[in-house]
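K.L.:
Pasting a structure below so you can have a look.
Please treat every number below as a calculation from the coordinates, not as lab data. Since the structure is predicted, the reported quantities are computational estimates derived from the model, not experimental observations. Reconstructed Cβ throughout: ideal geometry from the backbone, glycine too, with neighbour counts over all protein chains shown.
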Amino acid sequence: MLPTAHLRDLARAVGFDLVGFARAEPIPPSFLMEWLEAGFAADMDWMGERADERLDVGRLLPGAKTVISFANNYWRDDAQSVGSPIARYARGRDYHSTLRDRMKAFRKSITVMYPGLGTYGGVDSAPLMEKVWAARAGLGYVGKNGCFITEPYGSWVLLATLVLDKEVDDYADGPAADRCGACRRCLVSCPTGALVGNGRVNARACLSYQTIENREQEVPEPFRLKFDNLIFGCDICQQVCPLNRKPVFAAHPRFAPRAVAELGTRELAGLTLTQYEQLIPGTALARARYDGLRRNAVYALGVARQADSRALIEKLCGDPSDLVRSAAQWALRQLDP
Ligand code: SF4
Ligand code: SF4
């Protein structure tokens, strides 16, 4: 049986802000299946794949006994990124690499200290239901906005999960108390009505999905009309949340915004491939790819309807990318309704 006091110290030493422990018990299928069956995963087919493993970590690590959930605060208030059309979590170095580095250091330490210990870990990409585990590990709860909400950092957190094949000496009692109460601010503020209640998000209607995952085709017009200074991800349902008003302190400098966070919509729409290659690799923005990012920025120019964007939009009407060209033609029509 491993001592949680020691594991907590190690987790903090490698840079995690929060850590909690849950028994590796199977997750009721309804957690995943109801969301998938309602079609809320849009075309993210990978969410339905490996469902057996998502619901039972014993299939990922034979003999799994414990799930450790880690969280890092990513909230920072750096002046240079004020007004950025990029969601906060994506303004700096790709969080996957930061959390993976920390997880790697943690695993290395515990496998040296506890020889023979089996582990399985993931940051966002493994078939692990990270919010469920973070709740079971006592780090917080899933709010009506579908985000994981912690006491010290609100929902400005990123999660990592590690499964162990040994027990620990102390487990959390379950999710922290729900603090949403009668509040509905996120539900009424979501510009596309993507929040469907009980913390579930209809990904198809969510601007985070449309700006990031739906990157190879045109965005349906009702959604692109909501790209209001919003190019990669959407923070609206977090910004309006009263539990997010006062984060305790700014995140570690590894989460500091990079130069791309200083760019506005017009600069992002006009990004050359050379600039893209200088600014984007190593950030989460790479997921949208060059044309997807410019498509989003051009939609946002159309929504903003500023006359001084006309020359750029006209130029992009001749762009080699079908996606950008068609977005520019649409944006031009917004200027000349
Ligand atoms: Fe709605 Fe934006 Fe939240 Fe998605 S991220 S649920 S679009 S407010
Ligand atoms: Fe809960 Fe209100 Fe925050 Fe939505 S805005 S997550 S309802 S506290």
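K.L.:
Using the scaling law 2.2 N^0.38 Å as the reference, what is the normalised Cα Rg of the chain? Walk me through the numbers on the way to the answer.
P.N.:
Details: Rg = 21.0 Å, N = 337, 2.2 N^0.38 = 20.1 Å.
Dividing the Cα radius of gyration by 2.2 N^0.38 Å gives 1.04.
K.L.:
With all pairs of different alpha carbon atoms counted, what Kirkwood hydrodynamic radius in Å does the stretch 263-337 show?
P.N.:
On the way: mean 1/r = 0.0822 Å⁻¹.
12.2 Å is the Kirkwood radius here.
K.L.:
Using the alpha-carbon atoms, what tilt in degrees (0 to 90, nearest 10) does helix 95-113 show relative to the longest principal axis of the chain?
P.N.:
Compared with the principal axis, the helix lies near 10 degrees.
K.L.:
Still on this model: For the stretch 4-164, state the average projected area of the convex hull of the C-alpha atoms over all orientations, rounded to one decimal in nm².
P.N.:
In nm², the orientation-averaged hull projection of the stretch 4-164 is 10.3.
K.L.:
Taking a 30 Å limit on the Cα-Cα distance, which of the listed pairs 226/315; 104/144; 104/226; 144/166 fall beyond it? Mind dumping the intermediate values first?
P.N.:
Numbers: 226/315 23 Å; 104/144 32 Å; 104/226 39 Å; 144/166 34 Å.
Checking Cα-Cα distances, 104/144; 104/226; 144/166 exceed 30 Å.
K.L.:
Please report 192, 211 as a ranked list, fewest other C-beta atoms within 10 angstrom at the top and most at the bottom.
P.N.:
Working: 192 18, 211 30.
Going from sparsest to densest Cβ surroundings: 192, 211.
K.L.:
Among 319, 77, what is the fewest-to-most ranking by other Cβ atoms within 10 Å?
P.N.:
Values: 319 17, 77 10.
Fewest-to-most Cβ neighbours within 10 Å comes out as 77, 319.
K.L.:
Counting only helical runs of four or more DSSP H residues, what would the 222 nm mean residue ellipticity of the chain come to if each run contributes -39,500 (n - 2.57) and the total is spread over all its residues?
P.N.:
Working: 13 runs with 111 residues, N = 337.
Result for the chain, helices only: -9000 deg cm²/dmol.
K.L.:
Enter the angle in degrees (range 0 to 90, nearest 10) between the Cα long axis of helix 289-304 and the first principal axis of the Cα atoms of the chain, meaning the one along which they spread out most.
P.N.:
60 degrees
K.L.:
Counting Lys and Arg as +1 and Asp and Glu as -1, what is the net charge of the other residues whose Cβ lies under 11 Å from the Cβ of residue 293?
P.N.:
Values: positive: 215, 287, 289, 294, 295; negative: 291.
That sum, taken over residues with Cβ under 11 Å, equals +4.
K.L.:
In the stretch 12-105, which GluC sites (Glu not before Pro) fall in coil by DSSP and have 15 or fewer other Cβ atoms within 10 Å?
P.N.:
49
K.L.:
No partner Cβ under 4.7 angstrom, meaning no disulfide-compatible partner by this rule: which Cys of the chain qualify?
P.N.:
If one checks each Cβ against the other cysteines of the chain, 147, 180, 183, 190, 206, 234, 241, 317 turn up with nothing under 4.7 Å.
K.L.:
Using a 10 Å cut-off around each Cβ, can you sort 82, 324, 168 from fewest to most neighbouring Cβ atoms?
P.N.:
Values: 82 10, 324 23, 168 19.
Ranked by crowding around the Cβ, least crowded first: 82, 168, 324.
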